[in-house]
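Peer 1: Pasting a structure here, questions to come.
Please treat every number below as a calculation from the coordinates, not as lab data. The structure displayed is predicted, hence computed values, not measured ones. Ideal geometry is used to build each Cβ from the backbone, glycine not excepted, and the neighbour counts take in all protein chains shown.
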Amino acid sequence: MTGHTNKKHSKSVKPIEARSKSNRTSTLTSLEAGRDHKRNGKWLITALVVAIAVALAMNHSAEWLSQILPKSAVEPASRPVLAAGSSNLAPNQTSEQLLRGRWVRPDGGYVIELANAQPDGRLEASYFNPRPVNVSRAEWHRSNDGLHIFVELRQANYPGATYSLRYLPATDQLVGDYFQPLYQQTFRVYFQRKSP
């Protein structure tokens, strides 16, 4: 039985050289396909991110542009610049009395209450989260791009936290930055006027 060969096995057995070359070729082909797939995936993700950024920019062009060009008035020409109870004023002519009221930050329910804006820049302000937080400093000023407010908080968990906000008459919002010194982070935020 030593000289006997099984015909079934002799057909399926490939020489070692042929097998290894074949395996190397299929391995290289699958690696290249994997690289192409990863490249295509990265391209797709990049394209989606860019498309989303463009869509957001087009949807909120006034806010987006104000972040890039903060020293210029960037209200869209197609939208009238009217605020609740105001006449047709340019941003640097907007009445500081429009700052008065309760303003709510939608992402957390934080409230800034503003009153009595004085010509010298003094401003009465209260802050709630939801309980009152001490306001150590509050002021406003007029710039070529409109009205700005600055509010500083001093209390446990708020050791010098600040809001630097700009009033947008077209949307009746306060938009700007919140600096949280405990984490040394600045967050982009906005407040909407709370209905009486």
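Peer 1: Could you work out how much longer the chain between THR186 and GLN118 gets when fully extended? Use 0.36 nm per residue separation minus the Cα distance between them, nm to one decimal.
Peer 2: Values: separation 68, 0.36 × 68 = 24.48 nm, distance 2.81 nm.
Length gained, THR186 through GLN118: 21.7 nm.
Peer 1: When only DSSP loop residues count, what chymotrypsin sites (Phe, Trp or Tyr not before Pro) in the range 111-196 have their Cβ near at most 11 other Cβ atoms within 10 Å?
Peer 2: Details: sites: TYR127, PHE128, TRP140, PHE150, TYR163, TYR167, TYR178, PHE179, TYR183, PHE187, TYR190, PHE191; in loops: TYR183.
The qualifying sites are TYR183.
Peer 1: Could you give the dipole magnitude of the range 85-193 about its Cα centre, charging the beta-carbon of Lys and Arg +1 and that of Asp and Glu -1, in debye to the nearest 20?
Peer 2: Working: 11 positive and 10 negative charges, 38 e Å.
Its charge dipole is roughly 180 debye.
Peer 1: What residues have an amide H closer than 5 Å to that of GLN173, excluding those fewer than 5 places away on the same chain, when H is modeled at 1.01 Å from N in the peptide plane?
Peer 2: When sequence neighbours closer than 5 places are left aside, the close amide H contacts are LEU168.
Peer 1: What residues from the range 137-176 fall in the zone where the backbone N is under 17 Å from a label point 7 Å along the Cα-to-C-beta line of SER195?
Peer 2: Answer for this model: 172-173.
Peer 1: What residues qualify as long-range amide H neighbours of SER143, i.e. H under 5 Å apart, gap of 5 or more or another chain, H built at 1.01 Å from N?
Peer 2: HIS148
Peer 1: Net charge within 14 Å of TRP103 by Cβ-Cβ distance, Lys/Arg positive one each and Asp/Glu negative one each, not counting TRP103 itself? Working shown, then result.
Peer 2: Values: positive: ARG100, ARG102, ARG105, ARG166, ARG193, LYS194; negative: ASP107, GLU113, GLU124, ASP172.
That sum, taken over residues with Cβ under 14 Å, equals +2.
Peer 1: Can you pull out the trypsin sites (Lys or Arg not before Pro) in the range 108-196 whose DSSP state is coil and whose Cβ has at most 15 other Cβ atoms within 10 Å?
Peer 2: Working: sites: ARG122, ARG137, ARG142, ARG154, ARG166, ARG188, ARG193, LYS194; in loops: LYS194.
Taking the range 108-196 and a limit of 15 other Cβ atoms within 10 Å, the loop trypsin sites (Lys or Arg not before Pro) found are LYS194.
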